[in-house]
Amino acid sequence: MNSPALVVTFAHERDLLEGAHRLRHAGFRLRDVYVPYPVHGLDRVLGLRPSRLSWVCFVCGAIGLLGMLWFEHWTAATDWPINVGGKPWNSLPADAPVAFESLVLLAGFGTVSALFAVCRLYPGRASRMPSPRVTDDRFALVVEQSSAVVNTQSVRRALGETNVLSIEEWSGRILSVSDPS
Amino acid sequence: MRPESPLFGDPMTRSPLPKLVACLAAGGLVVGFAVEPQRAWAALYCAALFALSTSLFGAVFVALANICGGTWHVAFRRVPEAMSSGIAPFGVVVVALLAWRTLAGGTAWHPPDEPGTLWFKAWWLQPTFMVARSVGYVAVWMIGATWLRSVSLAEDVRESRRSISHVQRGSAVFAALFAVTFSLAAADWLMALEPTWYSTVWGIYWFSGLMTGGLATLILLALSLRDAGPLRQAFTDEHLHDLGKLLFGFCCFWMYIWYCQYMLIWYAHLPEETMYFVPRLTGAWSVVFIVNVGLNWGLPFLLLLPRTSKRNPTLLRRVAVVVLVGRAVDLYLAAYPEVVGPYLIVGALELAAAFLIAFVAWSLWSRSFSSAPAVPAGSPLLRESLEYHA
């Protein structure tokens, strides 16, 4: 994560979108984007693949549903059958609410855990961002500096007419929340 | 001179075939009323209720969007508005059929000496009172829909434009009145077919059906209008995506309410409640019972689950057709066992009623749509709707 990179900072959402579009089409590799709020259309401009998180959600939900259906059948019909109002031992209508709740629970926890694991987000982790202002009113684009061809001049050239605030080298510095800079 | 219909501009209005088939269907229904009055009545009643709730959806959709301060729907708002033009005609048909059965048909809705009768039901289901309040429901919906349409048309011209909060307040009043009248209508028009049975979730159940059927129709109409031209620039894939999400959500809502009703009745096992489900779970009806759940929830749920399928016009069209067939099956399952008898029957009469009502709905909506600009070009909210990103 500490490989050299360039940080291009913008003041407006549309400049960011335009800049990302130009850089990507000029062949630069974009590592990440820091924005104060979700920007519509950014995933398309960055060419991100659709998130695989929905598959995690689906699989976890299916495990919750089938696991709980099996468990209810085992407890109510196999291990210790109890006559409830003369209903059959294995009654799907009675099992459905708990199975549904367990589907929702596992799908929810599974998705959030997978997201945190993939992003390596855990309690107490120091935030890593080019400037604290990306949480307020700045939009930063991190360009991978894979070779000497990628430098401030070549990025500025590729950006052309786009309104840019600054282009800086970034060593991937870590900021604590109270960092005044 | 009648304006050209943009919707069915080509085959449906110019070629005489659909009109011919509709006339044949009407003739067939007249014969049906003479030969098998109960079945012909049920066929036409189900079809008219379907069309009425779909028309009513148009007004409800616009009102809900107004209340939420929604702007995304403005580009295709004329479509639900056009749908709401069917409220008055189909309301008249439903109330006329209701009156024919209760007042003139000789079939009492509620024989007073029936065991288990509640005094309130006997009073509430008096034929004259029932028909009178049914007229009231339709009148409320019609006034609401007309008002919603008029403020929408007024938005195009700066001078006549009403403030957003004015429209919001009016829509909220309509939504509140709709909630009460629609619940009562569902109970009067469908639950009272079996007068001694009751279910307190019935109104919400039919509201969820109104939403799925209406959304499916809206998707089909908007896509046809996009292909035909009037909404080519206006109705984007983003709008389609959101309508797909709503259809997906309301299909799940329908299932939820269906299950809430079924599970509680199954669990409590009270004879006065299970009497609705017993005939529907025996014999050939049990197949329809399962198919109903599959069409209204199973298939739409599985097909609309991935993001890409909600942005795919071909797939969404097919799902919409599945949902519409599901709605028809749902109404059929609610009305036929009580009105026609404990046997399954689908034939020429049902198809005739469905085609006739669908043809009338299509012509009414199409005419209403072409009577105003296809896109509310003067609306200050249009730009936001066109640039909307789902």
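The values are calculated or read from the model by the stated rules, or taken from the named source; none is laboratory data. The shown structure was predicted, so the numbers you read here are calculated from the model rather than taken from an experiment. Here Cβ is always computed from backbone atoms with ideal geometry, including for glycine, and neighbour counts include all displayed protein chains. Please note that ligands, DNA and RNA were not included when accessible areas were found on the heavy atoms of the full protein model with its side chains. Shrake-Rupley method; radii C 1.70, N 1.55, O 1.52, S 1.80 Å.
Numbers below:
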read-out: Loop-located GluC sites (Glu not before Pro) in segment B:271-355, at most 16 other Cβ atoms within 10 Å (DSSP); value: none
read-out: Candidate residues B:THR236, B:THR146: accessible-area rank, largest first, probe 1.4 Å; value: B:THR146, B:THR236
read-out: Relative contact order for chain B, counting Cα pairs under 8 Å that sit 6 or more residues apart, in percent; value: 32 percent
read-out: Drop in accessible area of at least 10 Å² in the complex versus isolated chain, residues of segment B:349-390, 1.4 Å probe; value: B:HIS389
read-out: Mean separation of Cα contacts under 8 Å (6+ apart) over length of segment A:53-119, as relative contact order %; value: 56 percent
read-out: Relative pair counts by distance (%), Cα atoms of chain B, 10 Å bins; value: 5, 22, 33, 26, 12, 3, 0
read-out: Prolate/oblate/rounded call for segment A:53-119, Cα gyration tensor, a/c under 1.5 rounded; value: prolate
read-out: Cross-link reach list, aspartates and glutamates versus B:LYS310, counting only Cα pairs under 16 Å and skipping chain neighbours closer than eight places; value: B:ASP237, B:GLU238, B:ASP242
read-out: Value at 222 nm in deg cm²/dmol, rounded to 500, when DSSP H runs of n ≥ 4 in chain B each add -39,500 (n - 2.57); value: -23000 deg cm²/dmol
read-out: Cα long-axis angle, helix A:53-73 against chain A (0 to 90 degrees, to the nearest 10); value: 10 degrees
read-out: Against the rule of thumb 2.2 N^0.38 Å, how large the Cα Rg of the protein assembly as shown comes out; value: 1.18
read-out: Loop-resident sites, segment A:83-139, for trypsin sites (Lys or Arg not before Pro), counting at most 12 other Cβ within 10 Å (DSSP); value: A:ARG120, A:ARG125
read-out: Sparse-neighbourhood loop sites, trypsin sites (Lys or Arg not before Pro) in segment A:1-75 - DSSP loop, at most 13 other Cβ within 10 angstrom; value: A:ARG29, A:ARG52
read-out: 1.4 Å probe, heavy atoms, protein only - residues of segment B:288-320 losing at least 20 Å² accessible area vs chain alone; value: B:LEU305
read-out: Most fluctuating residue given options B:SER368, B:SER309, B:SER53, as computed from a GNM of chain B linking Cα atoms under 10 Å; value: B:SER309
read-out: Residue-normalised accessible area of the protein assembly as shown, expressed per residue, 1.4 Å probe, Å²; value: 50 Å²
read-out: Protein accessible area in segment B:33-109, 1.4 Å probe - carbon and sulfur %; value: 70 percent
read-out: Segment B:356-390 residues near the modelled A:ARG14 label - backbone nitrogen below 14 Å, point 7 Å along Cα→Cβ; value: B:384, B:387
read-out: Descending semi-axes in whole angstrom, ellipsoid equivalent of segment B:173-212, from the Cα gyration tensor; value: 19, 11, 8
read-out: Area buried, chain A against chain B - accessible surface, total, 1.4 angstrom probe, square angstrom; value: 900 Å²
read-out: Candidates A:VAL84, A:VAL35, A:VAL150, ranked by Gaussian network fluctuation over chain A, Cα under 10 Å, top entry; value: A:VAL84
